[in-house]
1. Which is among the aliphatic types (A, V, I, L, M) and either in contact with a strand residue (DSSP E or B) (Cβ under 9 Å, 6 or more places away or on another chain) or not assigned by TED's automatic domain parsing to the domain that holds Ala300 (or both), of Ala201, Ala255, Ala226, Ala219?
2. Give all pairs with beta carbons closer than 8 Å in which a residue from the stretch 25-48 that is under 24 Å from Pro146 (Cα atoms) and modelled with pLDDT of 95 or more meets a residue that is among the small types (Gly, Ala, Ser) and surrounded by 12 or more Cβ atoms within 10 Å (Cβ to Cβ); count only pairs at least 6 apart in sequence or on separate chains.
3. Find the strands (runs of 3 or more DSSP E) located wholly in the stretch 236-318 whose residues include 1 or more that are within 22 Å of Trp166 (Cβ to Cβ), and list them.
4. For the stretch 371-407, enumerate the residues that are under 14 Å from the mean Cα position of the chain (by Cα) and hydrophobic (A, V, I, L, M, F, W, C).
5. Just checking, which of Asn424, Asn463, Asn446, Asn433 is surrounded by fewer than 24 Cβ atoms within 10 Å (Cβ to Cβ) and of a type outside the set (A, V, I, L, M, F, W, C)?
6. Out of curiosity, is Asn125 assigned by TED's automatic domain parsing to the domain that holds Ser70 and either at pLDDT 95 or above or of a type in the set (Val, Ile, Thr) (or both)?
7. Consider Gly20 against the criteria (1) modelled with pLDDT of 95 or more; (2) touching a Pro at 6+ places or on another chain (Cβ under 9 Å); (3) among the small types (Gly, Ala, Ser): it satisfies all of them except one. Which criterion is unmet?
8. Which count do you get for residues in the stretch 326-347 that are in contact with a strand residue (DSSP E or B) (Cβ under 9 Å, 6 or more places away or on another chain) and farther than 17 Å from Gly251 by Cβ?
Amino acid sequence: MSNALTSKSGRVWIQPNGPGNPVYPLSCKDTGDLSESFGSIELLRCFNDMGDGWDVVGQTESPPDPITISLDTLLFEDRDWLEKLKCAFSLYILNRDCGMANVFSNYVRGEILTNCKIASRTYSNLVMREEDAASMLGVEISAWPPLLDVSKLEVEAETNAFALGWNDVIGNPDTRCVGDCKAPIDAGEQLLIASQSAPAAATADVPHSHDSFATFQAAAVDPFGAGLHIVSCAYFYVGNTTVRWYVGRQGAGGAVQGLCAYSDDGGAAWTTVNIGGAAVGHGPTYGGGLWMPDETFGLAACNLGYIYKSINGGGTWVAVESGVLTAGSYSQVKADPSKTYCIAGAAAGIVSLSDDGGDTWYAGTAIGGAPAIFTVWRFNKDVCLVGDTSGGLWRSDDAGVTWTQITGWTGSGVGDVRDLWFVNDHEGFMAHNDATPVGKVLRTINGGYNWEALTTPANQGLNKIWAPNGELAYVVGALDVGVNPASMKVTTA
C-alpha cells in the first residue's frame with residue numbers, strides 16, 4: 001500500500017515565463033481547493049410510447065470551465081512572484097514522500113496548471129488598531145483546462161522474439177469508449193514498429209503490438225525486398241476505424257527508386273509508393289523521418305537534402321525542399337499541433353524550418369560545432385528544441401535564429417540525443433545514448449528546462465521514443481545484448 005500524503009509534503013512551484021523556462025519554489029504558502037471542471041451534459045429526450053415519461057436518445061456536451069485554485073501567503077518586505085506577475089505563467093503543485101522540498105524533481109505525484117492568470121488579490125491584516133496579526137495576501141488563480149496529472153514513472157523491459165534492431169515506434173493517440181465506433185481502445189494500446197533487415201538475406205519484418213507491448217507479432221507480408229531496412233513508420237486513420245500503417249524504406253542514394261508503403265488491413269497487403277525520381281534512392285534515413293498525424297498532412301525527411309510532403313495519406317509525395325538548404329541527409333521532421341510550423345534537422349548542424357505547413361523552407365542558424373542533428377521538436381512559431389550527435393540539447397525562442405544549450409541533465413554533452421517526444425508544452429521524453437552506447441530515458445514536466453533521468457533497463461542503444469500522454473511512453477532500439485531489440489514501456493511506478 002502506498003503512503004497517504006499530507007499537506008506537509010507539498011510545495012508550490014511557479015514558472016513565470018511558461019514552459020521551458022526557470023521554475024522557482026513558492027515557500028510558506030497555503031493552497032485552497034483545486035477545482036477542475038470536465039464540462040456537463042444536456043440530455044436529449046423524447047416522450048416514451050406510454051406517454052408517462054421520456055426516453056433518453058442522446059446528449060450534448062458543454063466545454064469545461066477554467067481550473068481554479070487559491071493561494072494564501074504571509075506578506076514579507078520584498079514582494080514575491082504573486083504580486084509581480086503580469087503575464088501568463090505555469091503553476092506546479094508537487095507532493096513528495098521524503099527528502100528536500102526545494103528540489104524540483106523530488107515528487108511522487110503532482111498537478112500542473114497551465115496558462116495561469118491571477119484573477120484577484122486580497123490583502124488582509126495590513127493595519128490593526130490593537131492586535132498584532134500577520135499580514136496576509138490571498139490570490140485567486142484561473143488556468144486553462146485540462147489539469148495535467150504527473151506521477152513518478154518507471155521504465156520496464158518488454159520481451160520479444162525478434163532478432164534485428166528496431167528503428168521507430170508509433171501508435172494510436174486516441175481513446176475510444178464503449179458505445180463509440182467498434183471496440184473500446186486505450187491510448188497507446190496499438191503499436192507499429194519499423195525494423196532493420198538482415199543483409200540481403202531476408203525482408204524486414206513489420207512488428208506490431210495490440211496489447212501495449214505485452215506481446216508482439218510480425219505482419220503477414222513484408223513490404224520491401226531482402227536487405228532493405230525500414231527506418232520510419234506512421235500510424236493514422238483513413239476512416240472512422242480504418243487505420244493506415246505507413247512505412248519508409250531507408251534512403252541511401254544510388255540508382256534505385258525510393259519507396260514507401262502502406263497497409264490498411266493490418267499488414268496483410270501493402271501498396272508501395274514511389275518517393276523521388278527513379279534513380280536517386282530517396283527515402284527517410286532515421287526514426288522520425290516520417291511525420292504523418294493524419295491523412296491530409298505528411299512530411300518525409302530524406303537523404304541528399306530532400307523533404308517531401310503528402311496531402312493524400314502518403315499516396316503521392318511532392319518535393320518541397322530539394323537540396324537547396326543542405327545536401328546532407330535529414331534525420332527527422334516534425335510540425336507543431338497546428339501543422340503550420342515545421343522543423344527538420346540534418347548533418348552539419350543544419351536546422352531547416354517552414355512557417356506555411358511545409359510548402360516552403362528556410363534555414364535557421366546552424367548549431368555551433370557542426371554536429372549532426374538527430375532529433376527536432378517545434379512547439380509553435382517561435383519555440384524549437386533539437387538534439388545532436390554530441391549529446392547537445394538546444395532551445396530557440398526566435399524560430400531558430402539563436403540557440404541556447406540546455407545543460408545540467410544526466411548525459412549532457414556526451415553521446416547522442418537520439419529522440420524527443422512531447423505530449424504537450426510541459427510534458428515530454430528524451431531517448432539519450434552515451435558513447436558506449438547505453439541508452440537512457442529522461443522525462444521533463446516543465447517544457448524541457450529540467451530533465452529527470454529514469455532508471456532504464458540494460459540495453460545497447462535506444463533509437464526512438466513515442467508517447468500518447470505524459471504517463472505512458474514506448475521505447476525501441478538496437479539489439480539488446482546481441483539477442484533481441486530493445487523494447488521498453490514507460491509507465492507509472
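1. Only one candidate qualifies: Ala219.
2. Listed pairs, sorted by first residue: Pro25/Ala101; Thr31/Gly10; Thr31/Ser70; Gly32/Ser70; Asp33/Ser70.
3. Counting at least 1 such residues, we get 243-249, 258-263, 271-275, 290-294, 297-301.
4. Residues satisfying the conditions are Val376, Trp377, Phe379, Cys384, Leu385, Val386.
5. The unique qualifying residue is Asn424.
6. Details: assigned by TED's automatic domain parsing to the domain that holds Ser70: yes; either at pLDDT 95 or above or of a type in the set (Val, Ile, Thr) (or both): yes.
The answer is yes for Asn125.
7. If we test Gly20 against (1) modelled with pLDDT of 95 or more; (2) touching a Pro at 6+ places or on another chain (Cβ under 9 Å); (3) among the small types (Gly, Ala, Ser), just (2) comes out false.
8. 9
The values are calculated or read from the model by the stated rules, or taken from the named source; none is laboratory data. For clarity, every value in this text was computed on a predicted model and none was experimentally measured. Cβ sites come from the backbone with ideal geometry, for glycine too, and all protein chains shown count toward neighbours.
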